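Report on the structure given below.
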Amino acid sequence: MESNEIKNLDNLKKLTSLYFRTLKPSNDKTENIAQIKFLNYAEMGCVITDLLKLCILALNQNAHQVSGTNKSAIDVALILETILQLIPTDEFEFLSEINYILLADAKTTND
């Protein structure tokens, strides 16, 4: 049984290195960092502005325009692209792999 646990631990370490890529540990190991990719500072500024506008509109459902000097429409596609970058798909695959291992282990135990 102990060798099976070591094998499972080795498998989990291998799967972790393959799938856990969205969050990276910081230098001091107290927190994790998620990276969002932008073409340039202008795009990053637009994303931040649109996220703030979207929040303002969501909080004030009766508002038809965002106050201030920049009254352009919210770029919903850009916001959704940013959200897609935050979804940890590799980690979801990892969890599926763990579930498969656990189901296989449960089946072996029951047999």
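What follows draws every value from the coordinates through simple rules; no lab data is involved. Since the structure is predicted, the reported quantities are computational estimates derived from the model, not experimental observations. So basically every Cβ, Gly included, is an ideal-geometry build from the backbone, and we count neighbours across all protein chains shown.
Below, the figures for the structure above:
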| quantity | calculated |
| --- | --- |
| Theoretical gain in end-to-end length, L18 to N40 [0.36 nm per residue, Cα-Cα removed] | 5.0 nm |
| Sum of side-chain charges, I74 neighbourhood, beta-carbon under 9 Å (Lys, Arg +1; Asp, Glu -1) | -1 |
| Cβ-derived FRET efficiency at R0 30 Å, N99 paired with I6, nearest 0.05 | 0.90 |
| Computed [θ] at 222 nm, deg cm²/dmol, the chain (DSSP H ≥ 4; -39,500 (n - 2.57); rounded to nearest 500) | -21500 deg cm²/dmol |
| R0 of 35 Å, Cβ-Cβ distance I48-F92: FRET efficiency to nearest 0.05 | 0.85 |
| Lysines with Cα under 23 Å of K37, excluding same-chain neighbours fewer than 8 positions away | K24, K29, K53 |
| Compactness of the chain, expressed as Rg and Dmax over alpha-carbon positions, Å | 21.8, 70 |
| Leading residue at positive end of dipole, the range 2-110 (Cβ point charges), from P88, L103, I6 | P88 |
